[in-house]
Amino acid sequence: MNVAEVLPLAFLGAVLGLDVVSFPQAMISRPIVASTLAGSLAGSATSGLLAGALLELFALEMLAVGASRYPEWGTASVVGGAMFAGMQPANWAGALPVSIAAALLTAWLGGWSMYLLRRGNGVLARQRLQELGAGSRSAVLGLQVTGLTADFIRGGLVTLLATLAFAPAAQYAGREWAFGTARSEALVLALAVATAGAAGWRLFHAAPGARWLFLGGAAAGSALAALR
Amino acid sequence: MTEKRIQALPFRTRAAMLARLFAVQGSWNYEILMGTGIGFCAEPALRLLPGGLQGVAYREALARQVQYFNSHPYLAAIAVGALARAELDGESPAHIERFRTALCGPLGSVGDRLIWAGWLPLCSVLSLVAFALGAAPLTTLLVFLMLYNVGQLGLRIWGLNVGWTQGMRVASALGHPALRQGPIHITRAAAVLGGLALPLLLHRFLEESRPLIGLTTVAALIVAAGLVKLHGRLEGSRLALLGLALLAGYSVIPW
């Protein structure tokens, strides 16, 4: 990948990374959206959506609750979606598993970068505690603008570094992949569906009867799929 | 305590507060969490205090509002509206600080159940159903984004209004049926759609390799059962990463 190809992706990663927590939290950073957008930048929105749907299943596992540490799916989905869309014309068997693996790794890297950013924000806030205690408007605005800018840069850097790091490995793995396309995709799918299914089973425990509705929905889905 | 006044919030002030609410977590940190963000969002209203931007009342109020605060980001709108109202009503600082502390827990737990564990998964699985049924990329995105954002935008606008209207009596708003019973109904809807989505997705991805569908379903069920059993000790995404690394090793390295 050359600079002209990577920079738009890094910008998209910066915007979507910012959306995860800082601004505007409209969930354009969800995998099904982010990966499709990245796929369209890389030449195939449909391929981006395919990767995004799988990543969305993984993302259902983790609730982005308050101070907890969780994977950051905005930048991860840009990396995964663009990688899969970029590998598609060659129809490599390894395209999907390699792209999803790159996205999962980026999600953890992104989560770790968010943790560092929040610690950095904390250091800055501590340094300006006296001004905040005096009701300084400029201190409040300064902290907000610095935090937002830093998060934007964080998202861009994570996307840039992950794309540059994983692209050559993905190209190699995609080329040399010996396991069949269908079986490779089935394995990725089984892992994604299992992750979402287990997450749903735990999540639906909170509402009385929801687990039965989940099983009923699965039965209806199976019947509908069989009829199609 | 200063004399109590009921003021209508000017449209521009209300719009500025709403716009700032989208960045309420802009400087989120482990020290004061979203404290700075709450002050940032309430600040346009605080300018209406006697003396304006240069007044002592403004600086004292802003200093109170940037202290430690935690809440769900969308329901923070309720806190911002209510705290701005309390400040403009001239409530005592001690009263405002107690009220502020009391708001944290309920706004966090209600928001997490309503949004992170309800609305977001519901919109997510609905878009997955749309995708599995063959919707085009743009349609799939629009299904998710329009539905989700109607909910979150509506919640922010309602939260700011109810916070401002109710002020220190805003606790009653948290007893609103949509907040009390909403999460249960939303979770049930997400459960039906989630169940529907998974088999449809299996067929969508493997429609050209139908013989693999049965085996993939059985494998997914076994892995899911393991993940449920090992909850808290093993995450699906980490297991997937390990599985994919092993597959890559097997597939790429010439044995």
- In the range A:68-83, what residues are touching a residue at least 24 places away in the same chain (Cβ under 8 Å), open to solvent by 10 Å² or more (accessible area, probe 1.4 Å) and either more than 12 Å from every other protein chain (Cβ to nearest Cβ) or over 14 Å from B:S124 (Cβ atoms) (or both)? A:R69, A:Y70, A:M83
- Message: Taking the conditions exactly as written (surrounded by fewer than 24 Cβ atoms within 10 Å (Cβ to Cβ), among the charged types (D, E, K, R) and modelled with pLDDT of 95 or more), does B:R85 satisfy them or not?
- Response: yes
- Note on the structure: Among residues of the range A:108-135 being within 7 Å of chain B (Cβ to nearest Cβ), in contact with a helix residue (DSSP H, G or I) (Cβ under 7 Å, 6 or more places away or on another chain) and open to solvent by less than 20 Å² (accessible area, probe 1.4 Å), the residue farthest from B:L53 (Cα to Cα) is A:N121
- Message: Out of everything in the range B:66-82 that is in a loop (DSSP other than H, G, I, E, B) and of a type outside the set (G, A, S), what residue ends up being surrounded by the most Cβ atoms within 10 Å (Cβ to Cβ)?
- Response: B:V66
- Message: On the basis of being of a type in the set (D, E, K, R), within 14 Å of chain A (Cβ to nearest Cβ) and crowded, with 23+ Cβ neighbours inside 10 Å, does B:E97 make the cut?
- Response: no
- Query: Residue check, A:A178 against (1) in a helix (DSSP H, G or I); (2) within 8 Å of chain B (Cβ to nearest Cβ); (3) more than 30 Å from B:G118 (Cα to Cα), all met but one. Which one?
  - Reply: (1)
- Restricting the search to the range A:203-212, which residues are surrounded by fewer than 22 Cβ atoms within 10 Å (Cβ to Cβ) and assigned to a helix (DSSP H, G or I)? A:H205, A:A206, A:R211, A:W212
- Go over the candidates A:A220, A:A196 one by one and state the one that is of a type in the set (A, V, I, L, M), at the interface with chain B (Cβ under 7 Å from one of its Cβ atoms), over 20 Å from A:G52 (Cβ atoms) and open to solvent by less than 70 Å² (accessible area, probe 1.4 Å). A:A220
- Give the residue, chosen from B:H231, B:H185, that is over 30 Å from B:R14 (Cα atoms), surrounded by fewer than 17 Cβ atoms within 10 Å (Cβ to Cβ), modelled with pLDDT of 95 or more and within 32 Å of the chain's Cα centre (by Cα). B:H185
- Note on the structure: Note on A:T181: of the conditions (1) of a type in the set (V, I, T); (2) farther than 28 Å from A:S22 by Cα; (3) crowded, with 22+ Cβ neighbours inside 10 Å, unmet is (3)
- Residues in the range B:172-211 that are in contact (Cβ under 8 Å) with a residue 24 or more places away in the chain, among the charged types (D, E, K, R) and facing chain A (nearest Cβ under 7 Å) total 0
- Might you check whether a residue that is over 23 Å from B:L174 (Cα atoms), within 9 Å of chain A (Cβ to nearest Cβ) and more than 19 Å from the chain's Cα centre (by Cα) occurs anywhere in the range B:8-26? no
- Message: Going by what's in this entry, would A:L160 be described as modelled with pLDDT of 95 or more, open to solvent by 30 Å² or more (accessible area, probe 1.4 Å), in a helix (DSSP H, G or I) and within 30 Å of B:L196 (Cβ to Cβ)?
- Response: no
- When restricted to A:V6, A:V20, the only residue within 29 Å of B:H231 (Cα to Cα), more than 9 Å from the chain's Cα centre (by Cα), in contact (Cβ under 8 Å) with a residue 24 or more places away in the chain and more than 9 Å from chain B (Cβ to nearest Cβ) is A:V20
- Task: Might you check whether a residue that is hydroxyl-bearing (S, T, Y) and more than 22 Å from the chain's Cα centre (by Cα) occurs anywhere in the range A:90-108?
- Result: no
- Message: Show me the helices (runs of 4 or more DSSP H) found entirely inside the range B:171-249 where at least 2 residues are within 18 Å of A:A186 (Cβ to Cβ) and of a type in the set (A, V, I, L, M, F, W, C).
- Response: B:182-205, B:211-229
- Task: Return yes or no: is A:S138 in contact (Cβ under 8 Å) with a residue 12 or more places away in the chain, polar (S, T, N, Q) and more than 9 Å from chain B (Cβ to nearest Cβ)?
- Result: no
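The values are calculated or read from the model by the stated rules, or taken from the named source; none is laboratory data. Nothing here was measured: the structure is a model prediction, and the numbers come from that model. As a convention, Cβ positions derive from the backbone with ideal geometry for all residues, glycine included, and neighbour counts pool all protein chains shown. Heavy atoms of the whole protein, side chains included, go into the accessibility calculation; ligands, DNA and RNA do not. Shrake-Rupley method; radii C 1.70, N 1.55, O 1.52, S 1.80 Å.
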